[in-house]
Amino acid sequence: MDDFLGWTSSSDDIRKHEEAYNKELMSGPVSSSTQFNYACFLIQSKKDYLLCDIFSLPACEPLLLLRYPGDVRRGISLLEELYQNPDESGKRDYVYFLAVGNARLKDYNQALQYINGLLAVERSNKQVQELKVIIEKRMRGEAVKGAAVAGGVLVGLGAIVGLGIASQLP
């Protein structure tokens, strides 16, 4: 399951689903399945794309275009639209992938709200329980990193103050 949050969509997969989404959008309303598939691939977007890949250039410098957060946010937006539709039957899947998207953006509190909502309805759902454990684990990891950075800053400031005081002594 931990691999699932780390899984990424290829730029070709995203492009394919984006084309299908735009084609349907041009001819009328987009089907729920097309919008859901496109949203899921956006949520699993890679952290970076090579400009060479995007523009199908045969040889170019490996310039990176960072799209990851924007893609994930767009996927979340599409899922929220689907969830708002009263006729939709796949709301459980929408909420699950909303949790995944928010976790990938490190908005763990929002992700846990979605997960806890699912668990309130489906308490024995193993997939949702596993995702909750992973999100909580990542939250703790981020908290530890934050504490380490804050501790490092305090040590650095202490050293600077100590040097300043030492330089004032005769």
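Table for the structure above
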{"quantity": "One residue from VAL100, VAL30 being assigned to a loop (DSSP other than H, G, I, E, B) and modelled with pLDDT of 80 or more", "calculated": "VAL30"}
{"quantity": "Pick from the range 103-142, criterion of a type in the set (D, E, K, R) and closer than 23 Å to ASP71 by Cβ, ranking: farthest from the chain's Cα centre (by Cα)", "calculated": "GLU142"}
{"quantity": "Selection count, the range 95-135, where residues are β-branched (Val, Ile, Thr) and within 16 Å of ILE76 (Cβ to Cβ)", "calculated": "4"}
{"quantity": "Complete set of residues in the range 75-103 that are closer than 13 Å to GLU136 by Cα and in contact (Cβ under 8 Å) with a residue 40 or more places away in the chain", "calculated": "VAL100, ALA103"}
{"quantity": "First in the range 32-46 and closer than 8 Å to SER9 by Cα, second anywhere and hydroxyl-bearing (Ser, Thr, Tyr) and in a helix (DSSP H, G or I), Cβ under 8 Å, 6 or more apart", "calculated": "SER45/TYR68; LYS46/SER11; LYS46/TYR68"}
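The values are calculated or read from the model by the stated rules, or taken from the named source; none is laboratory data. From a predicted model like this one, the values you see are computed outputs, not experimental measurements. Glycine also receives a Cβ, built like all others from the backbone with ideal geometry; neighbour counts cover every protein chain displayed.
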